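Structure, as structure tokens:
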Amino acid sequence: MVALRRPWRKVVIYAFLVVSFIAPLVLFFSVPAADNSPFHEKKNFLNISSGILNSFSPGRTSNAMQLNSMEQEVSEDPQLKGVIYKDDNLKNVQIKYNQNVTISGATNGNSSSRLSGNGDNQPYHVPNSAGGEVILHGILDKKQESSDKKTGVLTIRKSPSRPSTAKIWEMEDQLVMAKAYVHFSSSNTNFHLLRELKLRIKEIDRVLSRSNKDADLFTSDLQKMKNMEATLSKARKSHPECSAMASKLRAQLFNAEEQLRAQQNQASYLVRLTGRTFPRGFHCLSMRLTTEYFALHPDLRKLPNSHNFDNPDLYHYAIFSDNVLACLVVVKSTVNSSLEPEKIVFHVVTDSFNFPAMLMWFLLNPPGKATIQIQSLDDFVFLPTGFNSMFRQSAKADPRYASPLNHLRFYLPEVFPSLNKILLLDHDTVVQKDLRELWNLDMKGNVNGAVEMCKDNVTSQKLEMLVNVANPAFANSFDGKACLWAFGMNIFDLQEWRTRGLAATYHKWNEIGSKHLWNAGSLPLGQLLFYNHTMTLDRRWHVFGLGSDLRVGVTEIEKAAVIHYDGNMKPWLDTAITKYRGYWTRFLDYSNPYFRQCNIHG
């Protein structure tokens, strides 16, 4: 009996040995899509080992171990995937990579099967039995997830983010360096190296011309970048005089900055000049009207209702302009918005060159029931000698302020000696509401009524922006933090102006300003002249910025009594802001014969 038991034991033992040998082979080859190559297993083992060793480096603990993924080459496939395999017992997780998928976290035990995330753009967490977790940065492919539930396969896609441009930037830096070496190469430079640099420059130029992000680069492009780096390394060795190279680069940088500054100044001047120029059709209109004026009999060149010019009981508007169409819009919009147009008197002052055209237009197109007077700047004998040219010499940098018509506003009491109040409108304004209320306004002893330019803390306009209040000439006289007020729609009490003797004050500050203490012409001069003499009007009376600011709201514009196209983008220019231009063009009748002859259209 004993003899029989011993062979049976041997058979059982041999059977267990066979099973223990065959079972691992069966399980090994039964895992789907597993990569069984010894080379791959060796690489995985080395990477896992290196991650574990790194986690034990100084400053780290075993609870913060990080599994570092192996660096891969860029795949030609734009779909970047990772695949997770899970066995039936849901104890182990195996990951196969087609592209980098970052994995971080503590893994001190077998991972659980639960995969959690806070959203499509959030990391997915794989908790494990030891309290740690593996964080998979990626997005679950929902279709793949639903289709592979039975096999336990999930696809991880790279999360969408801003396109990487690190390689592109590196190529651009290489290009700059290569061009610098070519530029500073002397005649005794290695000819072959110079030719190689030029070749590399052409190659990188072609790559950058068709690539905007790293994903656009091919493997051959990356090889060209490596070739460029090798060539630059040769160039560095051939230029050992670093100090001389640095001096040349500094000189080149200084020269480039000077050229840029000069170009910016010229561009700024041309932009300002554009704001003062007229389209060709405007010149055509002026010439045709001038021709008609001189063909007209002198007795027919007089405007009607001249007895209203000096009547202080009427509503008087002053417009100083050399632009016929601009004056037309101001006059027409004011008349259309007024409830008593028969009490309105317009005083248009222009230069001698545009006087015939201006007068002829309003002879042919009278402003309805309103009265209009056209005057020439040369007819005012009280102006200083050389008034027409004195400002052109001091404002060469900015043609907007070279016009004597801008400075005529400081002579309003002399221009209108019989009037008590007058409302000054710039020619780039449009009147949308009745303005009679301004003549009944109690100005509380102030000379000027205007809207302040300080809208908020971000766009506040302060006096120190125009005038250097720290200059001894202005010491203890002005507060640099005082808010600026806007020209364009101003009500002036001429009687109070005369009483306070502001004419002498104007000449004082004008003389100081001629010493180049400011560059903005009449703007700072007006701020100084009416400092502590200005009454703040409600903002509904005057909305400005339509020729410079894209942020002016439609609601604000439609509620305003007067809208102002201050800035360089005037409504009659092609550079006008399109969304604001309609408020101006609606007062023009493009079917007018003069408009058609001069090709003036909306």
Over the stretch 329-348, the set of residues in a helix (DSSP H, G or I), surrounded by 20 or more Cβ atoms within 10 Å (Cβ to Cβ) and not small (Gly, Ala, Ser) is VAL329, VAL330, VAL331, LYS332, THR334
- GLN223 under 29 Å from the mean Cα position of the chain (by Cα) and either surrounded by 16 or more Cβ atoms within 10 Å (Cβ to Cβ) or assigned to a helix (DSSP H, G or I) (or both): no
query: Scanning for something of a type in the set (D, E, K, R), out of contact with any Phe, Trp or Tyr (no Cβ under 9 Å at 6 or more places or on another chain) and closer than 22 Å to LEU435 by Cα, does the stretch 576-594 turn up at least one residue?
result: yes
Considering the stretch 425-456, residues that are among the hydrophobic types (A, V, I, L, M, F, W, C) and in contact with a helix residue (DSSP H, G or I) (Cβ under 6 Å, 6 or more places away or on another chain), and then whichever is surrounded by the fewest Cβ atoms within 10 Å (Cβ to Cβ), we arrive at VAL451
Open item on the list: I'd like to check something: does the stretch 565-584 contain any residue that is open to solvent by less than 20 Å² (accessible area, probe 1.4 Å) and either under 30 Å from GLU496 (Cβ atoms) or among the charged types (D, E, K, R) (or both)?
Closed with: yes
Output for Cβ contacts, cut-off 6 Å, separation at least six or different chains, first residue open to solvent by 10 Å² or more (accessible area, probe 1.4 Å) in the stretch 520-543, second hydroxyl-bearing (Ser, Thr, Tyr), reads GLY521/TYR401
Worksheet item: Scanning for something in contact (Cβ under 8 Å) with a residue 40 or more places away in the chain, under 30 Å from PRO417 (Cα atoms) and part of a loop (DSSP other than H, G, I, E, B), does the stretch 286-303 turn up at least one residue?
Response: yes
Output yes when any residue across the stretch 356-372 is in contact with a strand residue (DSSP E or B) (Cβ under 6 Å, 6 or more places away or on another chain), crowded, with 16+ Cβ neighbours inside 10 Å and part of a loop (DSSP other than H, G, I, E, B), and no when none is.
yes
Checked the stretch 261-285 for anything β-branched (Val, Ile, Thr) and not in a helix (DSSP H, G or I); matches are THR277
Checked the stretch 481-498 for anything of a type outside the set (A, V, I, L, M, F, W, C) and open to solvent by 10 Å² or more (accessible area, probe 1.4 Å); matches are LYS481, ASP493, GLN495, GLU496, ARG498
Pairs returned, first residue in the stretch 321-341 that is over 24 Å from LEU377 (Cβ atoms), second residue that is acidic (Asp, Glu), beta-carbon separation under 9 angstrom, 6 or more apart or interchain, are SER337/ASP434; SER338/ASP434; LEU339/ASP434; GLU340/ASP434
Checked against (1) open to solvent by 20 Å² or more (accessible area, probe 1.4 Å); (2) in contact (Cβ under 8 Å) with a residue 60 or more places away in the chain; (3) within 30 Å of the chain's Cα centre (by Cα), GLY547 satisfies every condition except (1)
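The values are calculated or read from the model by the stated rules, or taken from the named source; none is laboratory data. In this text the structure is predicted, and so the values were computed from the model without any measurement. Positions of Cβ are generated from backbone atoms using ideal geometry, with glycine treated the same way; all protein chains shown enter the neighbour counts. Ligands, DNA and RNA are stripped out before the accessible areas are found, and what is left, the full protein with its side chains, is counted by its heavy atoms. Shrake-Rupley method; radii C 1.70, N 1.55, O 1.52, S 1.80 Å.
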